[in-house]
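Structure first, commentary second.
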Amino acid sequence: MAAQNLQSVPAELSRGESQEQSQEAAQREADGQANFDRVMAEDSRIEPRDWMPDAYRKTLLRQISQHAHSEIIGMQPEANWISRAPSLKRKAILMAKVQDEAGHGLYLYSAAETLGQNRDKMTADLIAGKARYSSIFNYPALTWADMGAIGWLVDGAAICNQVPLCRASYGPYGRAMVRICKEESFHQRQGFEILLELSHGTPEQKQMAQDAVNRWYAPALMMFGPPDDDSPNSRQSMAWNIKRFSNDELRSRFVGMMVEQVRVLGLTLPDSEIRFNEETRKWEHGPLDWNEFKEVLAGRGPCNAQRLERRREAHDDGAWVREAAAAYAAKRQAKQSMTTKEYAA
Ligand code: BYC
């Protein structure tokens, strides 16, 4: 009997403790949820240490990692033109722009890390072809005018999509977007300026600019994502104040902006169905090939294989840098702990 009691007392105690712990955990979760609901209702911000629902964390990680990978893969079409830029000035500008994209990728990977995601894992997923990045970067940049069209249309679409993200409910993402948008705005102007110069150049140059606009227009419109009826994530992301506007709403605003700017360029948009609907007060555009979009997302776009192959090569080429950085960090840490020991002694 005594032996039985001896065994049962600690078991009961530990059951008691774990019940208490689980009650505390449940209370913490209820408080966390109440705080989260309040923040959403007040349109305020969630910070990394705040409690957040798992689904919110997952949605943010899905979007932020996709966005970070887009910036990194997005360096490729333009980097391919640095050595072929027509002047030293153009080379310097393009190089600075591509460097900015790398910076954007790094801010965004850092934002994803605050949600508990490991950066190496994100990179591993990307190079294994398991992660998404923007459809737009699976199209080829065929001529110098494509640098203009990418800057004007692709960065223009990016700004339209990303300015509302500066108010995203997750603090680190919103703050990263503020800086990114400032830089994107410079990028768009440099693209516009390339096209402006070409469109006022020789007839061949003007034609080259028009061809580039013709090729990038529809893929740029698809950057905003599938039509609202076919966008499974929009509603929840908008309820959580991550996305502020639907895909179609932003696409329509973008068309309205481009209609004005293309006139200044002296070029045209390859879409005869663009019109302003007086009733809805929205810009409308012609049909887009959503099958093509699905093919690109499935990895079967014109450049998907090439982009991933180049990213893998770059990762392998960078192995020595990662090894050197790790060795340097270990050396510094050893030196630091030695100093701490000496200090303690
Ligand atoms: N490409 O329910 P939906 C740049 C996916 S970088 C590929 O509407 P959501 C630049 C979507 O992820 C520009 N995938 O999703 C860089 C989802 O799949 P999962 C990058 C796309 O998240 C260098 C599924 O389709 N910008 O500007 O509510 C040089 C259903 O879609 C795309 C960003 O990443 C696409 N275009 O809305 C120059 C902005 N569209 O995840 C320039 C941040 C959709 O369920 N991201 N999908 O497997 C966003 O604003 C939103 O994530 C999206 C999609 C509007 C893109």
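The values are calculated or read from the model by the stated rules, or taken from the named source; none is laboratory data. Computed from a prediction, not measured in an experiment: that's the story for all the values here. Counting neighbours? That spans all protein chains shown, and the Cβs are built from the backbone with ideal geometry, glycine included. Heads up: the accessible areas ignore ligands, DNA and RNA and are worked out on the full protein's heavy atoms, side chains in. Shrake-Rupley method; radii C 1.70, N 1.55, O 1.52, S 1.80 Å.
Could you check the stretch 266-320 and list, in sequence order, the residues that are without any contact (Cβ under 8 Å) to a residue 24 or more places away in the chain, of a type in the set (Gly, Ala, Ser) and not in a helix (DSSP H, G or I)?
Within the stretch 266-320, SER272, GLY286, ALA298, GLY318 meet the criteria.
Could you look through the stretch 206-226, keep only residues that are among the polar types (S, T, N, Q) and over 27 Å from the mean Cα position of the chain (by Cα), and pick out the one that is surrounded by the most Cβ atoms within 10 Å (Cβ to Cβ)?
Ranking the qualifying residues of the stretch 206-226, first place goes to GLN210.
Does GLU193 satisfy being within 10 Å of the ligand (Cβ to nearest atom) and part of a helix (DSSP H, G or I)?
Against the criterion (within 10 Å of the ligand (Cβ to nearest atom) and part of a helix (DSSP H, G or I)), GLU193 does not qualify.
Identify the single condition in (1) under 15 Å from the mean Cα position of the chain (by Cα); (2) within 13 Å of the ligand (Cβ to nearest atom); (3) among the polar types (S, T, N, Q) that GLN99 does not satisfy, given that it satisfies every other one.
Of (1) under 15 Å from the mean Cα position of the chain (by Cα); (2) within 13 Å of the ligand (Cβ to nearest atom); (3) among the polar types (S, T, N, Q), only one is false for GLN99: (1).
In contact (Cβ under 8 Å) with a residue 40 or more places away in the chain, over 15 Å from GLY156 (Cα atoms) and aromatic (Phe, Trp, Tyr), is that true of TRP216?
no
Within the stretch 1-106, considering only helices (runs of 4 or more DSSP H) that don't extend past its boundaries, which have at least 3 residues that are at pLDDT below 95?
2-41
When you scan the stretch 118-134, how many residues do you find that are open to solvent by 30 Å² or more (accessible area, probe 1.4 Å) and small (Gly, Ala, Ser)?
Count: 3.
Among the residues of the stretch 240-265, count how many are outside any helix (DSSP H, G or I) and free of Cβ contacts under 8 Å to residues at least 40 places away in the same chain.
1
Can you confirm whether the stretch 309-328 contains a residue that is out of contact with any Lys or Arg (no Cβ under 7 Å at 6 or more places or on another chain), surrounded by 15 or more Cβ atoms within 10 Å (Cβ to Cβ) and under 22 Å from THR123 (Cβ atoms)?
yes
From the list ILE180, ILE159, ILE242, ILE194, exactly one residue is open to solvent by 10 Å² or more (accessible area, probe 1.4 Å), over 26 Å from ARG300 (Cβ atoms) and among the aliphatic types (A, V, I, L, M). Which is it?
ILE159
Within the stretch 293-308, work out how many residues are closer than 23 Å to LEU269 by Cα and crowded, with 16+ Cβ neighbours inside 10 Å.
3
Of the residues that sit in the stretch 111-127 and are more than 16 Å from the ligand (Cβ to nearest atom) and in contact (Cβ under 8 Å) with a residue 40 or more places away in the chain, which one is nearest to ARG179 (Cα to Cα)?
THR114
Failed condition for HIS187, given (1) modelled with pLDDT under 95; (2) within 12 Å of the ligand (Cβ to nearest atom), with all others met?
Just one mismatch for HIS187, condition (1).
Could you list all residues from the stretch 49-105 that are open to solvent by 50 Å² or more (accessible area, probe 1.4 Å) and under 21 Å from LEU297 (Cα atoms)?
LYS58, ARG62, GLN66
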